[in-house]
Amino acid sequence: MAGGNQVQISVASEIHFVETHFQLAPLYAHFVRVDNSYWIQNDFPPAAMISREYRPANSVHPHSVPLEVASNSTVIIVWRTTLLMDHPIHLHGHTVEILDVSHPKRQHCSLAHCELNQDYSANTLDKIRDLDRTTQIDAVVKKDTFIIPARGVVVTRLHTD
């Protein structure tokens with residue numbers, strides 16, 4: 001450790017992608033995928049979380065897509081969305097460091113369809129690694145709740161322990 005809270009990251013962090021998509025009529029459905037896997041429909045009813053019977057440990061939907069990470073490691077999670085509105089994310093029991101937020105370029109979006117923002121994608125892994133390597137731990141905002149801008153990207157870093 002050199003000078004205050006600055007920590008040199010010597011081991012490359014794992015990089016994962018979490019992507020969300022909303023399908024308009026006739027489906028009206030919300031989909032999620034992790035690490036370019038299959039799109040999984042989220043049909044967990046919104047009212048379930050305000051129900052007195054809701055228990056997170058017992059109420060995980062069979063279509064849930066877990067992201068498994070090793071303990072005592074550092075993971076970069078790139079959150080991308082095709083949604084036409086901002087999308088809040090809340091992580092129960094964890095905080096992440098916000099490394100960067102990318103707002104969309106509107107020319108790739110219409111009222112019916114948006115492409116995933118390519119500012120941070122599988123094609124830009126070196127850019128993501130550079131962001132991880134050069135962003136000092138004491139220079140970032142740590143949050144358990146953040147917002148992905150409409151058709152945007154948020155790059156986060158999670159330290160597990």
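The values are calculated or read from the model by the stated rules, or taken from the named source; none is laboratory data. What you are looking at is a predicted structure, and each value in this text was computed from that prediction instead of being measured. Cβ coordinates were reconstructed from backbone atoms using ideal geometry, including for glycine residues, and neighbour counts include every protein chain displayed. Calculation scope for accessible area: heavy atoms of the full protein, side chains included, ligands and nucleic acids excluded. Shrake-Rupley method; radii C 1.70, N 1.55, O 1.52, S 1.80 Å.
So the label point goes 7 Å from the Cα of SER37 along Cα→C-beta, right? Which residues of the range 72-92 then have their backbone N under 19 Å from it?
From the range 72-92, the list is 75-82, 90-92.
Carbon and sulfur: what percent of the range 82-161's accessible surface (1.4 Å probe)?
Whole-percent figure for carbon plus sulfur exposure: 55.
Can you return the lysines within cross-link range of LYS105? Criterion is Cα-Cα under 21 Å, with same-chain partners fewer than 8 residues away left out.
LYS127
Pick out, from THR160, LEU131, ILE147, the residue whose Cα sits farthest towards the positive end of the charge dipole of the range 121-161, with +1 on the Cβ of Lys and Arg and -1 on the Cβ of Asp and Glu.
Result: ILE147, furthest along the dipole toward the positive end.
How much length is gained on full extension from GLN118 to GLU14, taking 0.36 nm per residue of separation minus their Cα-Cα distance?
Result: 35.5 nm gained on full extension.
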